[in-house]
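Below is one structure, written out as structure tokens, with a few remarks after it.
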Amino acid sequence: DGGDYETVRELIDAGRLPNLAKLAEEGTFAPLTSTISPESPTAWAALNTGRNPSETGVPGFVKRTFRDVGGQSVPMPDIGHQSLGDRPMSDFEADGILGVIQGLGGSTLMILVGVIAALLFFCVLKILLKLGGLPSGLIAVFMGVVGAFSANAASRFLPETIPSVVSNPMRAEPFWELAAREGERCVVLDAAMAWDREPVDGARVLAGLGVPDIRGANGEWFIYTTDDFAFERPPKGKKKGLTAGTIFRVDWNGDRIDTELYGPLNPHAAKAIEAEVAAIEENLGDPGLGWKEGSALRDRQKRLKEELSMGPRATLPLSVKRIDEGLRVTLGSETQLLQEGAWSDWYRLTFELNPLVKAHAVTRVKLVSVDEPHFELFVNTLDIDPSNPPFWQPVSQPAGFSKELADWLGEPYETFGWACVTMPFKDGKIGGETLMEDIEFTLGWRERLTEEVLKRDDWDVLFSVFSTPDRVQHMMYQFYDKEHPLFDAEAAATKISFAGEEITFADAIPAIYEEIDRVVGEIVADHLRPEDTLLICADHGFQTFRWQFHVNNWLEQEG
């Protein structure tokens, strides 16, 4: 992703990419023209399908839509590479108990459970316990009724709609689906615009760009801090600039911090809140209601309506406790011991939406600081757990393939389609060192996943995407290009550890290309056979960004 011909050529000439240099000598090495616009979702959709954007249906990250404003149809920006909305339960096939309820329907389930319960108890009482026919029959009928009512109660937990489902607007078929239909066994890793598609026999696909987090959002991250200035108001006329994050102000209570982690929207909770709001409305209409009680009810009603407007969310406890060895950080039911400046291992999280519907996520956190200058805990995106994705938002085709990959790795991996913490870095809420640590982490698991597939012999076509060059170039050109308007020589000289070497921010872009060169070299040396074909290509190139021209602003200024 973002592999640039000119940059690769320069680094080859400088002797920094020996493996790509060898391929360039022995094979074909040339620039390709990208799509218009050359944005990742548009370009990957074309690369995956051989179709242009008018045929794929993917215009870019942003598209134009029309909305009614004061009786007029006004053009507005909207998300272009995803479709977000509530979907009826009938669009999905649940598994487990929920799938049984969905398949049978409430009425059939009541009758079936009632009859089975009655027969079971009659047999136990009459045959095993030698009870008389009449008492056995009466007790069995009673237990059958209890079973029927229990089944009816359980069926109410089947949601009517699933909120915030992210659908894929892609209309064209990727090449691996065509190849699979012709008998080629295809494995696809982290492919953009590849989620939310019907499985095709012979194609095992892990989707990448476009897959949301467990909240149905595009990579929402969180910072918990005791910083009194975390919420200082921005200067007049300027936006606060948080792209996809939330900062929570917390306080130490002795040696503990106790707060909450906010997960996916909870439609079951919404129903309960709506019922309470309706009950309050009814109570407020009582002419005998006292002023004090009425005021309390109105305050409660206001808070509930605010919660409904934002969408009630499933939550888990988040706590931090000081001990001599460091800080114990607990998310949900899992606790890890962290030192200042360290990342955690994976946390596995289970958000209960109702007794029968749960959403499983994984995340990592970084203990940025403990006391100086203040406490700060960074919580990364709540990724969909690849071992247990929700039935309404699978991350692979078939749905169980993501779990199979996690089993091969022996641990979870990131599933959010834009892995790497570029947004909090862009917002100035984390430093370049944290960004590059996360870049290295993402590159590492994708390399291991590719290696695991290469070791196997159950595929004919392997397509594996490495997105980290794009992410590094998006964020680090300000240090690489001395003519960049944000270039700061002192900042560019900042030293960090990356891939086992000490580098500076200024060398981050060459360093990520060198890592890709290393990966390519290992694949060629260890896995490529004489009869195999290796293609390395990019969705678009990447150069510095020194100026911009906003056409609409200019047109408006010129009248």
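A few points about this structure:
- From the list LEU337, LEU265, the one residue that fits, being modelled with pLDDT of 85 or more, touching a strand residue (DSSP E or B) at 6+ places or on another chain (Cβ under 7 Å) and under 29 Å from TRP392 (Cα atoms), is LEU265.
- Selected residue (criterion: nearest to PRO38 (Cα to Cα)) from residues of the stretch 463-506 that are among the aliphatic types (A, V, I, L, M) and not in a helix (DSSP H, G or I): VAL465
- Residues located in the stretch 310-367, provided they are part of a strand (DSSP E or B), closer than 24 Å to PHE441 by Cβ and under 17 Å from the mean Cα position of the chain (by Cα): TYR347, ARG348, LEU349, THR350, PHE351, ALA359, HIS360, ALA361, VAL362, THR363, VAL365
- Contact map, the stretch 81-93: residues that are within 10 Å of SER167 (Cα to Cα) paired with residues that are open to solvent by 20 Å² or more (accessible area, probe 1.4 Å) and not in a strand (DSSP E or B), Cβ distance under 6 Å, separation 6+ or inter-chain. Pairs shown: HIS81/PHE61; SER83/PRO169.
- Just so you know, in the stretch 49-83 the residues that are hydrophobic (A, V, I, L, M, F, W, C) and assigned to a strand (DSSP E or B) include one that is surrounded by the most Cβ atoms within 10 Å (Cβ to Cβ), and it is ILE79.
- Unique match (being farther than 26 Å from TRP195 by Cβ, over 34 Å from the mean Cα position of the chain (by Cα) and either modelled with pLDDT under 75 or surrounded by 15 or more Cβ atoms within 10 Å (Cβ to Cβ) (or both)) among LEU134, LEU104, LEU129: LEU129
- Any hit, the stretch 162-178, residues being within 39 Å of the chain's Cα centre (by Cα), closer than 30 Å to LYS271 by Cα and either at pLDDT below 70 or open to solvent by 50 Å² or more (accessible area, probe 1.4 Å) (or both): no
- Checked against the criterion of being over 24 Å from LEU206 (Cβ atoms) and hydrophobic (A, V, I, L, M, F, W, C), the candidates ALA419, ALA493, ALA399 yield just one match: ALA493.
- Helices (runs of 4 or more DSSP H) within the stretch 398-462 that include 2 or more residues among the β-branched types (Val, Ile, Thr) and touching a residue at least 24 places away in the same chain (Cβ under 8 Å): 432-454
- VAL74, sole failed condition from (1) of a type outside the set (Asp, Glu); (2) touching an Asp or Glu at 6+ places or on another chain (Cβ under 8 Å); (3) closer than 30 Å to GLY400 by Cα; (4) free of Cβ contacts under 8 Å to residues at least 12 places away in the same chain: (3)
- Meets criteria (open to solvent by less than 10 Å² (accessible area, probe 1.4 Å), closer than 18 Å to ALA194 by Cβ and not basic (Lys, Arg)) for ALA419: yes
- Candidates GLU352, GLU325, filtered to the one that is among the acidic types (Asp, Glu), within 30 Å of ASP95 (Cα to Cα), touching a residue at least 12 places away in the same chain (Cβ under 8 Å) and open to solvent by 50 Å² or more (accessible area, probe 1.4 Å): GLU352
- If you go through the stretch 506-559 and pick out every residue that is of a type in the set (D, E, K, R) and in contact with a Leu (Cβ under 8 Å, 6 or more places away or on another chain), you end up with 5.
- When the stretch 33-45 is filtered for residues that are buried (at least 23 other Cβ atoms within 10 Å of the Cβ) and not β-branched (Val, Ile, Thr), the ones remaining, listed by number, are SER40, PRO41, ALA43, TRP44, ALA45.
- Being in contact (Cβ under 8 Å) with a residue 40 or more places away in the chain and part of a loop (DSSP other than H, G, I, E, B) is true of GLY541.
The values are calculated or read from the model by the stated rules, or taken from the named source; none is laboratory data. Being a predicted model, the structure only gives us computed values, none of them experimental. Don't worry about glycine lacking a Cβ; one is built from the backbone with ideal geometry, like all the others, and counts go over all protein chains shown. Each accessible area value is taken on the protein alone, full model and side chains, heavy atoms only, with ligands, DNA and RNA left out. Shrake-Rupley method; radii C 1.70, N 1.55, O 1.52, S 1.80 Å.
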